[in-house]
Amino acid sequence: MGIKVQKLSEISESYFLYTISKSSDSITMGEYNYFEGHRQLWYQIAHARVQHRGKFDYPIALAIHLGEVLRAYKIESWRSEQTKLGSTEADTIVESFWEFSGSNLENQVLIGITLVDDTGNVIQMPEIGYLYIN
């Protein structure tokens, strides 16, 4: 029994992928704590790509470790986090960080699948920690 793989180019649905650390994937952690611990704030997420025309273009988030899909979540909403640049009252507030709220999709078909490119190489996640499919 080998590793199950899926080419990104063969996926027609839209997904938001984000990197997680498998070392923190623990059965004792519980799903709520796992979700809360990993749905981090992303810097300069392309909110325009996430929501426009009144709907979410990326309705499902996939938690990825070394190309393998470990968890899937239905994205129910996004919120921005106001971040202050500097430490005085006159400093600029920047809304650059975003996080999503969602629910676990434990039966999502890509869970346990390793995502690869067209040449069969495991996908490389960008340094910012997330990417979009379609």
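The values are calculated or read from the model by the stated rules, or taken from the named source; none is laboratory data. Quick caveat, the model's predicted, so the values are computed rather than measured. Cβ coordinates were reconstructed from backbone atoms using ideal geometry, including for glycine residues, and neighbour counts include every protein chain displayed.
If you check Ile20, Ile3 for being of a type in the set (A, V, I, L, M, F, W, C) and either surrounded by 14 or more Cβ atoms within 10 Å (Cβ to Cβ) or at pLDDT below 80 (or both), only one passes: Ile20.
Applying the set (1) exposed (fewer than 14 other Cβ atoms within 10 Å of the Cβ); (2) modelled with pLDDT of 85 or more to Leu62 leaves exactly one unmet item: (1).
For the range 102-134, how many residues are touching a residue at least 40 places away in the same chain (Cβ under 8 Å) and either hydroxyl-bearing (Ser, Thr, Tyr) or touching a His at 6+ places or on another chain (Cβ under 7 Å) (or both)? Total meeting the criteria: 3.
The C-beta contact set for the range 1-18 (first residue without any contact (Cβ under 8 Å) to a residue 24 or more places away in the chain, second residue surrounded by 13 or more Cβ atoms within 10 Å (Cβ to Cβ) and small (Gly, Ala, Ser), distance under 9 angstrom, 6+ apart or interchain) is empty.
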